[in-house]
Amino acid sequence: MDTTKKFYINGEWIDPVVPQFRDLINPATEEICGRIAMGSAEDVDKAVNAAEAALASYSAQPISYRLNLLKRLKEKLQSKTDELAEAITKTIGAPTNFSRDVQVGGALANFEAMLTIAETYQSVSRIGKTAIRKEPIGVVGLITPWNYPLNQIVFKVVPALAAGCTVVLKPSEVTPLDAILFAEAAAEVGFPPGVFNLVNGDGLSVGEAISRHPKIRMVSFTGSTRAGVQIAKAAADTVKRVTQELGGKSANIILDDADLESAVTVGVQVCFANSGQTCDAPTLMMVPAPRFEEAKIIAAAAANAHQVGDPLAHTTHLGPVSNINQFEKIQNLIQSGIDQGAQLIAGGTGRPDSLARGFYVKPTVFAVEHQNYDIVREEIFGPVLVLIPYTDVEHAILMANSGVYGLAGYVVSPNMDRARAVAEKLDAGMVCINYPDWDSYAPFGGYKQSGNGRESGVLGFEEYLETKSIIGYH
């Protein structure tokens, strides 16, 4: 059975109500690499009705029952690691090793952490004469992005199912193959019919229908701020909970006592990971003004050291960006930086010279003296870094906090007291000190136009719970 042309609803693979299909494009070759069914509001309605019908019995099951299913699901996904990595490389263009170790490996690590959180979570607490109960919020609609497709499914589906909610998932129509493999694994595990449902489609049809559906009590969305605003508006009429992890433009403040060579080099590498398609990437590198020229030389060398090419080659550091729209957006923003007078110190417009096809972007670094550039204010979502000097730490903090986003921030210093002091002053939902490894127990989300709510950690689990106060309980 070709599950790519079906939806998983009520425990079965079924055809779309209206036969509509979309070709998938391999970003490395620009060739068709698959075809999926595209859903409509009618398909969403089927999935939501199935989820609603399953809710009462599933949410009434003990946490041990739900965790047993999820543990088996994790084992199934682990056994499909190669398939999942291949699907991600095929649709997003991530190098094979990155797809396996980071895209899939990171998702499985986050899955395991959420199981631990759910297993130890206390759903009832008491204060005074009141009992406070945490209960599943109900049917949830989950809309995931294309840049870390499996990880974002795990971030949303696992806590929702662990909490006792039932799910309608809409993955990105650009990278849906890993979601289909996820649904196949869920079917093999034997979740009760209607507990987990998958409908592929675009935002205008399926995403809109999920956001507006009166039986969905919560929508969790990861993607652009523009799309997040539209989802919030669509959800407003039914007063459902909306959690959003949106855009970012994260500052990386390198303090004057840092090892500049290491701080800049690693900062470039972190910025360019996943071809720069990471919402919390440190895309604005702030360095002390007296060392600005030195930093430019280091950053250019680090960017030029990145090998761009075929994601199937083991020597490749950066594959293509995910799709033609993203490629064109990045090219336009690079050109705007050049047109507005920013100093181009590495990369530039167009593909790397050796690559005639594919959505490949040159690893690009700009240097600017002030913030009045589109490349400083806008999220580029590609392998593009901007260096900017600061006069003192307060100046750096002021620049870092001046934008509309507040997803992440970075601080580099061997002096932890100084680094912590700067971190505490940044208007960001997450601050990383000295490029740490990801912590699967840390809540993730943003301030300002970077979103509402949190994913991951205890707070990410609690997003799928409603609060009930029982007063006079004692």
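The values are calculated or read from the model by the stated rules, or taken from the named source; none is laboratory data. Not measured: the values here are computed from a predicted model. Ideal geometry is used to build each Cβ from the backbone, glycine not excepted, and the neighbour counts take in all protein chains shown.
Could you identify the single residue in G451, G457 that is buried (at least 18 other Cβ atoms within 10 Å of the Cβ) and either polar (S, T, N, Q) or touching a Phe, Trp or Tyr at 6+ places or on another chain (Cβ under 6 Å) (or both)? Step through it out loud before you land on a result.
Values: G451 fails: either polar (S, T, N, Q) or touching a Phe, Trp or Tyr at 6+ places or on another chain (Cβ under 6 Å) (or both).
Every option except G457 fails the conditions.
Got a sec? Which helices (runs of 4 or more DSSP H) wholly within region 386-468 have at least 1 residues that are outside the structural domain of A299 (by TED's automatic domain parsing)? Before you say what the answer is, go through the steps one by one.
Values: elements: 393-400, 416-425, 457-462.
Fully inside region 386-468 and qualifying: 457-462.
For P192, indicate whether it is more than 29 Å from A85 (Cβ to Cβ), part of a loop (DSSP other than H, G, I, E, B) and touching a residue at least 40 places away in the same chain (Cβ under 8 Å). Please lay out each step first, then the result.
Working: more than 29 Å from A85 (Cβ to Cβ): yes; part of a loop (DSSP other than H, G, I, E, B): yes; touching a residue at least 40 places away in the same chain (Cβ under 8 Å): yes.
So P192 fits the description; yes.
Only one of (1) in contact with a Ser or Thr (Cβ under 8 Å, 6 or more places away or on another chain); (2) at pLDDT 95 or above; (3) not small (G, A, S) is not met by H314, so which one is it?
Condition (2) is where H314 drops out.
Test of understanding: among I88, I25, which residue is of a type in the set (A, V, I, L, M, F, W, C) and assigned to a strand (DSSP E or B)? Please lay out each step first, then the result.
Working: I88 fails: assigned to a strand (DSSP E or B).
That would be I25, the only listed residue that is of a type in the set (A, V, I, L, M, F, W, C) and assigned to a strand (DSSP E or B).
Residues of region 241-282 being more than 18 Å from D437 (Cα to Cα), touching a strand residue (DSSP E or B) at 6+ places or on another chain (Cβ under 6 Å) and part of a loop (DSSP other than H, G, I, E, B), which ones?
The answer is L246, G247, G248, K249, D256, A258.
Of these, L67, L55, L73, which one is of a type in the set (A, V, I, L, M, F, W, C), closer than 18 Å to L181 by Cα and either in contact with a Leu (Cβ under 7 Å, 6 or more places away or on another chain) or at pLDDT 95 or above (or both)?
On the way: L67 fails: closer than 18 Å to L181 by Cα; L55 fails: closer than 18 Å to L181 by Cα.
When all the criteria are applied, what remains is L73.
For residues that are in contact with a strand residue (DSSP E or B) (Cβ under 7 Å, 6 or more places away or on another chain) and hydroxyl-bearing (S, T, Y), scanning just region 383-434, find the one that is farthest from E261 (Cα to Cα).
Y405
Being in contact (Cβ under 8 Å) with a residue 12 or more places away in the chain, under 25 Å from R22 (Cα atoms) and assigned to a strand (DSSP E or B) is true for just one of V104, V140, V167. Which residue is that?
Checking each option against the conditions leaves just V167.
Of the numbered conditions (1) farther than 29 Å from H306 by Cβ; (2) surrounded by fewer than 17 Cβ atoms within 10 Å (Cβ to Cβ), I216 satisfies every one except a single condition; which is it?
I216 satisfies all of (1) farther than 29 Å from H306 by Cβ; (2) surrounded by fewer than 17 Cβ atoms within 10 Å (Cβ to Cβ) except (2).
With A85, A54, A60 as the choices, which residue is under 23 Å from the mean Cα position of the chain (by Cα) and of a type in the set (A, V, I, L, M)? Lay out the reasoning, then the answer.
On the way: A54 fails: under 23 Å from the mean Cα position of the chain (by Cα); A60 fails: under 23 Å from the mean Cα position of the chain (by Cα).
None of the other options fit; the residue is A85.
Could you say which residue among R66, R35 is more than 23 Å from the chain's Cα centre (by Cα) and in a helix (DSSP H, G or I)? I'd like the intermediate steps shown before the answer.
Details: R35 fails: in a helix (DSSP H, G or I).
So the residue among R66, R35 that is more than 23 Å from the chain's Cα centre (by Cα) and in a helix (DSSP H, G or I) is R66.
For region 1-22, how many residues are hydroxyl-bearing (S, T, Y) and part of a helix (DSSP H, G or I)?
Within region 1-22, the subset hydroxyl-bearing (S, T, Y) is 3-4, 8.
With the extra rule that they be part of a helix (DSSP H, G or I), the set shrinks to 3-4.
Qualifying residue count, region 1-22: 2.
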